[in-house]
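Quick notes on the structure that follows.
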Amino acid sequence: MSFWGQVIEFARRDLVAERRTGEVVAIVMPFGAVALMTLPFALTIDSALLSRVGPAMFWVVSLLFAMQIALRHSAADRPEHRAMLSLLGIDPFARLIGRAASSSLLVGLFMAVMFPLMVVFYSPDLPPGWPSALLPAALAALGLSLVGTLAAEVTAGLSGRTMLAPLIVAPLAIPLLVGGSQALESLPDNGGILPWTLLVAATDLALAVAGAVVARPLEEAAR
Amino acid sequence: MTKIQVMLGLAAVALAGGLVLALNAPIDALQGEFSRIMHLHVPASWLAFLAFGVTAVASIMWRIRRTRAWDRRAAASAEIGVLFTALSLATGSLWGGAVWGTYWDWADPRIATTALMFFVYLGYLALRSASPDAESAAARSSILGIIAVVQVPLVYFSVNMFRSLHQGQSIRPDGATMPGGMLVAMLVNVGVFTLVYFALLAARTDVMRQEEAARALEPAAGEAVRPPRFDEVPDV
């Protein structure tokens, strides 16, 4: 099977597993909605302030829950399964990219559900032309999935990995958070979203290169 | 007296000398006595960069050689780096509180990037402690140790790349931006802290080696259970 054939097969397998378990749709998404609802209680009912912080809260929730999506139980391989894949000669980078691709779709779906919820809960003043910020948002979803998948691989098989992985990689995902959120913020000031889109795209590229370099050592480390 | 004890003793003496020099160095006309924090803040920051650089090099060496010594150096250096990054953040915050009027400024890229670097290396240490054995810890953390070092140049050059409250580099190709006495005291303290780093690295690496040797002597699970010897059972 070709490299891209392996990638597609891994992504398909993860999505089928997600459809069966419903981990993201039934657990992570409702939890994300609850997280979006908690801040207004902590800030008291200040509509102007909530309207201002809504988009920022959306990005914080997206960052933290993207890690949970990448670390979901249905996307974790047991050691014997890893050993079998290794014996079959599966390319570790194809597995990593396939997993990141399926996570990207799920993170994108999560963000697509959280954004209208944020609009309902926080009533932000979205600037004209806000749909143009969807491109950096989609690129950020890809980056968050890549960084989450890398974290999942580094911590594979360790106890407490669901806490450990976000600690390791959440700081590395900050450029995605900055680029994604500032793209929307720059619209009212007539600032171009291009620099922020490029920042997110460059981070995605750097993460993909890092994945290609460390895929094989990670395979060995997780044994 | 062992070599490590000699190194630690020399480091302690050098620290005392550096302190005396810092207390007698010229002070900034505007900042007054607060400017003396520089003699602690700059060397601590330099040491953090050095320590994380050594962690990356030792991680690469572990991936090539696969010897325990390189892994111990990488881990020990990361521990020291985290300690001195915390010191750098604390002294920088105190200095900022006195001079800028704020302990933390989110618009300052160097503070923010240093804090991120601190948390990434805390994660590095957490990853090591969560790994079930030394080999697994080395295999996993060496990858993170190599990737995470990209933050060091980002932190260092952040004051040049973005507008910031933080002052720029003190030593530039066109000359230093501070008087000679102040510069000498700062550079001497950078040297002193470098000596402290190597002394701490040697000591911590040795402690890790001894801990591993002690663990190797511990009985494995099941070794304490002796199989029954029927020849010891008295006839009844």
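Readers should treat all values here as calculations from the given coordinates under stated rules, not as data from a laboratory. Not measured: the values here are computed from a predicted model. Positions of Cβ are generated from backbone atoms using ideal geometry, with glycine treated the same way; all protein chains shown enter the neighbour counts.
Computed quantities for the displayed model
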{"read-out": "Proxy reagent accessibility, fewest Cβ within 10 Å first, across B:His39, A:His81", "value": "A:His81, B:His39"}
{"read-out": "All Cα pairs of chain A, percent lying beyond 32 Å", "value": "20"}
{"read-out": "Where labels lie 7 Å past Cα in the beta-carbon direction, separation of B:Met1 and B:Val207 in nm", "value": "2.1"}
{"read-out": "Residue-averaged 222 nm ellipticity for chain A, from DSSP H runs of 4+ at -39500 (n - 2.57), nearest 500", "value": "-25500 deg cm²/dmol"}
{"read-out": "Euclidean distance of C-alpha centroids, segment A:93-120 and segment A:10-26, integer Å", "value": "12"}
{"read-out": "Dipole moment magnitude, nearest 20 debye, the protein assembly as shown about Cα centre, only Lys, Arg, Asp, Glu C-beta charged", "value": "600"}
{"read-out": "Helical contribution to [θ] at 222 nm, DSSP H n ≥ 4, -39,500 (n - 2.57), averaged over chain B, rounded to 500", "value": "-25000 deg cm²/dmol"}
{"read-out": "Tilt relative to chain B, helix B:151-161 - C-alpha long axis, 0 to 90 degrees, to 10", "value": "10"}
{"read-out": "Local electrostatic count at B:Leu50 - Lys and Arg +1, Asp and Glu -1, tallied over other residues with Cβ under 15 Å", "value": "+1"}
{"read-out": "Per-residue average of Cβ from other chains inside 10 Å of A:161-168", "value": "4"}
{"read-out": "Anisotropy class of the protein assembly as shown from Cα gyration tensor, a/c 1.5 cut", "value": "oblate"}
{"read-out": "Local net charge near B:Ala115, Cβ-Cβ under 12 Å (Lys/Arg +1, Asp/Glu -1)", "value": "-1"}
{"read-out": "Sorted by Cβ neighbour density within 10 Å, fewest at the top, the residues B:Met182, B:Met1", "value": "B:Met1, B:Met182"}
{"read-out": "Highest-MSF residue in chain B out of B:Met61, B:Met117, B:Met186 [GNM, Cα springs under 10 Å]", "value": "B:Met61"}
{"read-out": "Shielding by partners, peptide B:131-141 (average Cβ within 10 angstrom, other chains)", "value": "4"}
{"read-out": "Exposed chymotrypsin sites (Phe, Trp or Tyr not before Pro) absent - longest run of chain B, DSSP non-H/G/I/E/B, at most 15 other C-beta within 10 Å", "value": "B:1-99"}
{"read-out": "For segment A:110-151, convex hull volume per residue from C-alpha positions, Å³", "value": "74"}
